[in-house]
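J.: This is the structure I want to talk about, given as structure tokens.
The values are calculated or read from the model by the stated rules, or taken from the named source; none is laboratory data. Everything quoted here is computed from the prediction, not taken from an experiment. When we count neighbours, we look across all protein chains shown, and the Cβ atoms used for this are built from the backbone with ideal geometry, even at glycine.
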Amino acid sequence: MTRLALLALPNAAGPPAGPLGLRPTAKGWCPGAHRAMASGDGLLVRVRPRLARLTVAQAMGLCEAAQGLGSGLIDLTNRANLQLRGVTPRHHDAVIEALCGLGLLDADAAREAWPAILVAPCWQAGDDTERIASELAARLGELPALPPKFGFAVDAGPAPVLAEASADVRIERGRSGGLIVRADGAAAGHPVTRAGAVDTALALAAWFAATAGSVEPASRRMSRHLVTHPLPRDLKPLEPPAPSAALPRPGMSALGPVYGVAFGQIEAAALARLLRDSGAAALRLTPHRALILEAGGRRDSTEFLTAADDPMLRIDACPGAPSCTSATVETRAMARALAPALETVAPGARRSLHVSGCTKGCARARAADITLVGRNGKFDLVRDGCAWDTPSQTGLSPEALRSFIGAL
């Protein structure tokens, strides 16, 4: 049996593959720090470091808080934020105090409702990305209320690197070499100067806020909103973005060594060791589950991904059961078991795999070559789609999948 057979496993009769479906509405809210969210393993406390950068002192302090006040696990999200897992309600106040003391949290809880800002990770002090992101962060209070997941991307380096990252308003490099402000989902953006970039980005977000309630249900993300609402004339898209470049992958970058994080989950003790051993001055986060150790020396690691072609970099898996109450299956053990199959399902191709605990697909919002979706303790299989799409096979037991892998 070849690994290609993964796409033809026997199963209970299921519906044929169909067109893209509608993503289920997520329950709860995006966690913050002041407003943490309960999960199966305790409270999730999210930290949004400024410019996705922590000094080594801040990073070490965060690791200490994760071990002393949480489960010792830290998530790296697809918006380059961090989440402390397993915080108990009685320790929540202590976590808030620690984060404020580290300079990683504003004492004003209302600021957590402001939109997130994702930045291209290889910014330099004083460059367009750093200056625009800093100005935008200082002016977010000018905006009306926006949906919880609404966010900005400041991607003003030589070429955009955040095209696949979640954002609703993008400030990026245009094809002419100048800056554009682009609504997510639009093929082109509006040319701007560096001095005018934030004004235009805020105007675009304000237009969204003013018009999102004119449809039922109200729009929550920009790309879907554009299907029914053409952009206003003064924000007319005129210039396409420059061709995209790649985010830093495991290896070396101009800033320092890069390490991948399988499934975006970090053991705080392991991160603390890596920071000490490398002599890094700061830690930068990327939305592709990677860490950049600014000015650090490269060190071997068995706890982080060090090869740019590691198949684990092409696998997305949510925490699954029992960490998430929406899931009925263990996801990450299954994902690790299936990782070797990606190498020969299609020789020479870079196949992607998504193992989702339920149809919400929290770990990956875009299509994967192979998606396994938990349902009632078993898995459904979706080809070339998302977790909420119609599966081609259903009712695959974890045991059947593991037996298949063991027979390869």
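J.: Report the residue count in region 120-137 for those that are outside any helix (DSSP H, G or I) and over 19 Å from the mean Cα position of the chain (by Cα).
T.: Residues that pass the stated criteria total 4.
J.: Can you go through 99, 179, 140, 146 and tell me which one is more than 20 Å from the chain's Cα centre (by Cα), assigned by TED's automatic domain parsing to the domain that holds residue 202 and under 17 Å from residue 32 (Cβ atoms)? Can you show your working first?
T.: Numbers: 99 fails: assigned by TED's automatic domain parsing to the domain that holds residue 202; 179 fails: under 17 Å from residue 32 (Cβ atoms); 146 fails: more than 20 Å from the chain's Cα centre (by Cα).
Being more than 20 Å from the chain's Cα centre (by Cα), assigned by TED's automatic domain parsing to the domain that holds residue 202 and under 17 Å from residue 32 (Cβ atoms) holds for just one of 99, 179, 140, 146, which is 140.
J.: Considering each of 120, 137, 80 in turn, give the residue that is among the small types (Gly, Ala, Ser) and farther than 28 Å from residue 267 by Cβ.
T.: Numbers: 120 fails: farther than 28 Å from residue 267 by Cβ; 80 fails: farther than 28 Å from residue 267 by Cβ.
Testing whether each residue is among the small types (Gly, Ala, Ser) and farther than 28 Å from residue 267 by Cβ leaves just 137.
J.: Another question about this same structure. Restricting region 115-135 to residues that are out of contact with any strand residue (DSSP E or B) (no Cβ under 6 Å at 6 or more places or on another chain) and in contact (Cβ under 8 Å) with a residue 24 or more places away in the chain, which is farthest from residue 252 (Cα to Cα)? Break it down into steps so the answer makes sense when it comes.
T.: If we filter region 115-135 for residues that are out of contact with any strand residue (DSSP E or B) (no Cβ under 6 Å at 6 or more places or on another chain), which is where we start, we get 122-128, 130-131, 134-135.
This time we only want the ones that are in contact (Cβ under 8 Å) with a residue 24 or more places away in the chain, so: 122-123, 127-128, 130-131, 134-135.
Numbers: 122: 12, 123: 16, 127: 21, 128: 23, 130: 22, 131: 25, 134: 27, 135: 30 Å.
For region 115-135, the residue satisfying everything is 135.
J.: Sticking with this structure for a sec: Scan region 97-106 residue by residue and report those that are crowded, with 20+ Cβ neighbours inside 10 Å and either in contact (Cβ under 8 Å) with a residue 40 or more places away in the chain or in contact with a His (Cβ under 9 Å, 6 or more places away or on another chain) (or both).
T.: Of everything in region 97-106, those that are crowded, with 20+ Cβ neighbours inside 10 Å and either in contact (Cβ under 8 Å) with a residue 40 or more places away in the chain or in contact with a His (Cβ under 9 Å, 6 or more places away or on another chain) (or both) turn out to be 99, 102, 104, 105.
Table: residues versus (1) loosely packed, with under 12 Cβ neighbours inside 10 Å; (2) over 30 Å from residue 306 (Cβ atoms).
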position: 230; (1), (2): yes, yes
position: 241; (1), (2): no, yes
position: 254; (1), (2): yes, no
position: 260; (1), (2): no, no
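J.: Condition first: within 30 Å of residue 154 (Cβ to Cβ), at pLDDT below 95 and among the β-branched types (Val, Ile, Thr). Now tell me which residues in region 287-342 satisfy that.
T.: 315 - this is the single residue of region 287-342 that is within 30 Å of residue 154 (Cβ to Cβ), at pLDDT below 95 and among the β-branched types (Val, Ile, Thr).
J.: I've got another one for you. When you go through (1) closer than 24 Å to residue 127 by Cβ; (2) out of contact with any Lys or Arg (no Cβ under 7 Å at 6 or more places or on another chain) one by one for residue 186, which number turns out not to apply?
T.: Of (1) closer than 24 Å to residue 127 by Cβ; (2) out of contact with any Lys or Arg (no Cβ under 7 Å at 6 or more places or on another chain), only one is false for residue 186: (1).
J.: Kindly provide the set of residues from region 240-265 that are assigned to a strand (DSSP E or B) and within 21 Å of the chain's Cα centre (by Cα), ordered by number.
T.: Result: 251, 257, 258, 259, 260, 265.
J.: Just one of (1) more than 30 Å from residue 159 (Cα to Cα); (2) within 18 Å of the chain's Cα centre (by Cα); (3) surrounded by fewer than 21 Cβ atoms within 10 Å (Cβ to Cβ) trips up residue 84, so point out which.
T.: Exception for residue 84: condition (3).
J.: Restricted to region 201-228, and to residues that are β-branched (Val, Ile, Thr) and over 25 Å from the mean Cα position of the chain (by Cα), which residue is nearest to residue 366 (Cα to Cα)? I'd like the intermediate steps shown before the answer.
T.: Taking region 201-228 first, the residues β-branched (Val, Ile, Thr) are 211, 215, 227-228.
In the following step, the residues that additionally are over 25 Å from the mean Cα position of the chain (by Cα) were identified as 211, 215, 228.
On the way: 211: 26, 215: 24, 228: 21 Å.
Among residues in region 201-228 that are β-branched (Val, Ile, Thr) and over 25 Å from the mean Cα position of the chain (by Cα), the one nearest to residue 366 (Cα to Cα) is 228.
J.: Another question, then. Residues that are in contact with a Gly (Cβ under 8 Å, 6 or more places away or on another chain) and of a type in the set (Lys, Arg): find the strands (runs of 3 or more DSSP E) completely inside region 49-94 holding 1 or more of those.
T.: Correct list: 82-87.
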